[in-house]
Amino acid sequence: MLHLNDLHISFDIKGVKRKLISGLEMELKPGENLVLLGRNGVGKSSLLKAISGKMEACLDAVLWNGKAIRGIAQQDLAKKIAWIPTTRVDIPYLKAFDYAALGRLPYLSFHGRLKELDRKMVEDAFVKLHIQELKTRDLNQLSDGEFQKVQIARALCQDTPLILLDEPSAFLDYPSKVDLFSLLNRLAKQENKMIIYSTHDLDLAWRFAQKTLLLAGDGSYNFGLSEQLILDGHFNRYFDDEFIRFNGEDGHFEFDFSKGSRSLKLTGDKKLIFWTSQAMAKAGIEVQDTSEIEVHCFSEGEWGIQDQKFKKLIDLMNFLNTLIF
Amino acid sequence: MNKTAFIKLGTLVLLILALFIADIKWGSVAISWDELLSLFGNDAAGVSKSHQLIIWDYRLPKALTALFGGGALAVGGLLMQSYFKNPLAGPYVLGIGSGASLGVAIFLMGMQSSWMLNMPEAFQNVGMVFSAFGGAVSILLLIGFLSIRFKSDISLLLLGLMLSYFVTALVSLLQFWADADIVKQFVVWGMGTFGKTDWTSLKIIIPLTLLGLVLAYSQVRALDAFYLGREEAESLGISIRRSRTIIMVATGLLVGLTTAYCGPVAFLGLAVPHFVRLAYGYAGHRWLLPLCFLSGGALALLFDLISQNPFGDSILPLNTIASIVGAPTIIYLLFKNYQMK
């Protein structure tokens, strides 16, 4: 079990001390996954480093089963905590299998030779992640999504109860992000691991991470079940500004476009109204029920305005541009 | 690594054996196979005294020095390249070479003063070795001391580079003030040779090189982990500080010693690790290290053989041979490798 007890992180910028995290109290149990959210520079990466034992000043604040990690030898800590950084390393000629096998290092004797058991663990990691076909591929020929999974395979090889990932979704395309987050959720539950990761994919993260730690960057934070933080309005408090707003009803982010002087009224098919209004918002046209101009959305996917009918949205938009209203 | 790797390793060992014998057989004085066989068959009766002397006291020590010196430089290069994750790093990247040069330059300048001139030649040889080793070790200690304050490896590399410039400038200054024959002696030292050692020096070179190799081998796990970067290596349980110290000491021992006895031998240390990687692909350091040692030894024997100029009378400078023969080989391998991809 991981326990953070009165953890402080601050930064010295030319003699001026800036507090990032102050008095953080947090607990994580096996089987739980936690996401760190917050804007750039609030200390997400620093916190991950602190938990992994890389920050001298935080060694007493990170407790492993009640014992400060200062008292745990580095070699033993490597068997408890795996850490996956954001940056990708390219090692010429290295195969994905050999890369993942580096995760076995803490368990190997001085010459670093893999034993039968080690090989089997590496094989198993690839099987668990359904990426057997990547084993023999060159590391620097993997896509970013594939590389991320091979990194996770390495962490599995390290056989640690806790896995830390620093912005694992940073370079992934959207389906790969979803794939990755659901994988991390599944690993936590099936392998009974603790998983902590940071990300900027806000509206995806809360769907997959059971717990959320929100960092404000001024020392304050909120920690709890992701849904509880949303219900309590903390997501709004952290991320809303004049342009962006977290919708606590359905968990999406909404954007405010600058409003133009033009407005119109939409009637008809619900789905069509929704997507038409999205297009209008971008074009600076406000959708108002009081507007004199009315566009009717037919359920077969057509738009009617005055005596005109359009089969494509673009034709409607072009027509609206010729109207003066 | 698998069966083919063992075959490649076996081929390398056979190659070394062949080169070793060739290096003893050929040189400016022709020695027949019969003489060689009877000499090593403990039946030296039919061999002339001078040929016996050439084999036992010159060519055999020279071949052994090439084997161990070349291997040591290659391993030193590997250690620096892997530690700094920089393919341009070589054994002299931390200033060990320039440190040795300064030591030798100071010693040779001292020779100008009269009391040293009266010393026997043996003293001169020993003095050169000691001052070179002393210079190398002092630079390394200085770097080690200064590096306590540096966390970044780039600063450490820059530090080594700057110290090299500084020390090289001091050497130039010394050369400027020195007599012409001293300068020549220094230039000759700078060209490198394996032929200045005798059995007494080998009694120092071989055990200390082996010690350096053992130290280096104790760090193969750390060197593997460094592929991933410092912080990840730390997460894998590697103590960076301890590894760094041991790697520095091993490099200093291997490179400093070789440079002291053979001069700053160019090319081998930088090129052999690349050569090994190009030839064998990825391998953990528990393979790379012995492969580098053996390949370094083999190449050094080959270069020495060529520099002995078996088809002429004169001896060619080792460093020029190494670069003239070695650089095109590496370029060829690079091209071949890129065509395959």
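Values computed for the structure shown
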quantity: Computed E for A:Leu225/B:Asn125 - FRET, C-beta separation, R0 51 angstrom, nearest 0.05; calculated: 0.05
quantity: Hydrodynamic radius of the protein assembly as shown per Kirkwood, over alpha carbon pairs, in Å; calculated: 29.9 Å
quantity: Charge dipole of chain B about the Cα centre (unit charges at C-beta), most positive-ward option of B:Ile21, B:Gly237, B:Ala63; calculated: B:Gly237
quantity: Partner aspartates and glutamates for A:Lys29 [C-alpha distance under 15 Å; skip if fewer than 8 residues away on the same chain]; calculated: A:Glu191
quantity: Spherically averaged projected area in nm², based on the convex hull that wraps the Cα atoms of chain A; calculated: 22.6 nm²
quantity: Cα-based convex hull volume of segment B:199-341 per residue, rounded to whole Å³; calculated: 125 Å³
quantity: Estimated FRET transfer efficiency (A:Ser291, B:Ile154; beta-carbon r; R0 56 Å; 0.05); calculated: 0.35
quantity: Fewest-first sequence of A:Phe255, B:Phe107, B:Phe123, B:Phe293 by Cβ atoms within 10 Å of each Cβ; calculated: A:Phe255, B:Phe123, B:Phe107, B:Phe293
quantity: Label-point separation in nm, A:Ala73 to A:Asp218, each point 7 Å along Cα→Cβ; calculated: 4.6 nm
quantity: Surrounding net charge for B:Tyr217, when Lys and Arg each add one and Asp and Glu each subtract one, Cβ distance under 14 Å; calculated: +2
quantity: Cα→Cβ-extended label distance, 7 Å offset, between A:Asp203 and A:Asp256, nm; calculated: 1.7 nm
quantity: Rule-of-thumb Rg ratio for segment A:263-322 [Cα; 2.2 N^0.38 Å; N residues]; calculated: 0.97
quantity: Magnitude of the charge dipole, segment A:1-80, Cβ model with Lys/Arg +1 and Asp/Glu -1, debye to 20; calculated: 320 debye
quantity: Estimated dipole of the protein assembly as shown in Debye, rounded to 20 [Cβ of Lys and Arg +1, of Asp and Glu -1, Cα centre]; calculated: 1300 debye
quantity: Dipole of the protein assembly as shown, positive end: most advanced residue of B:Ser32, A:Leu183, A:Ala73 [Cβ charges, Cα centre]; calculated: B:Ser32
quantity: Cα centroid separation - segment A:198-241 against segment A:91-106, whole Å; calculated: 35 Å
quantity: Ordering of B:72-82, B:211-221 by packing [mean C-beta count within 10 Å, highest first]; calculated: B:72-82, B:211-221
quantity: Alpha carbon centroid spacing (whole Å) that separates segment A:250-289 from segment A:4-65; calculated: 42 Å
quantity: Cα-based reach from A:Lys211 at 17 Å (exclusive), listing aspartates and glutamates while leaving out same-chain residues under 8 positions away; calculated: A:Glu25, A:Glu27, A:Glu32, A:Asp166, A:Glu167, A:Asp201, A:Asp203, A:Glu227, A:Asp232
quantity: Shielding by partners - mean other protein chain Cβ count within 10 Å, residues of B:221-233; calculated: 5
quantity: 10 Å Cβ neighbours from other chains, averaged over peptide A:87-93; calculated: 4
quantity: Derived scalar couplings ³J(HN,Hα) [segment B:257-266; Karplus, 6.51 cos²θ - 1.76 cosθ + 1.60; whole Hz; x for Gly, Pro]; calculated: 5, 4, 5, 4, 8, 10, x, x, 6, 7
quantity: Two-site FRET efficiency, B:Gln175 against A:Lys17, from Cβ-Cβ distance with R₀ of 51 Å, rounded to 0.05; calculated: 0.45
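Computed from the coordinates by the stated procedures, all read-outs in this text should not be read as laboratory data. What you see is a predicted model, and the numbers here were worked out from it, not measured in a lab. Note that each Cβ is placed from the backbone with ideal geometry, even for glycine, and that neighbours are counted across all protein chains shown.
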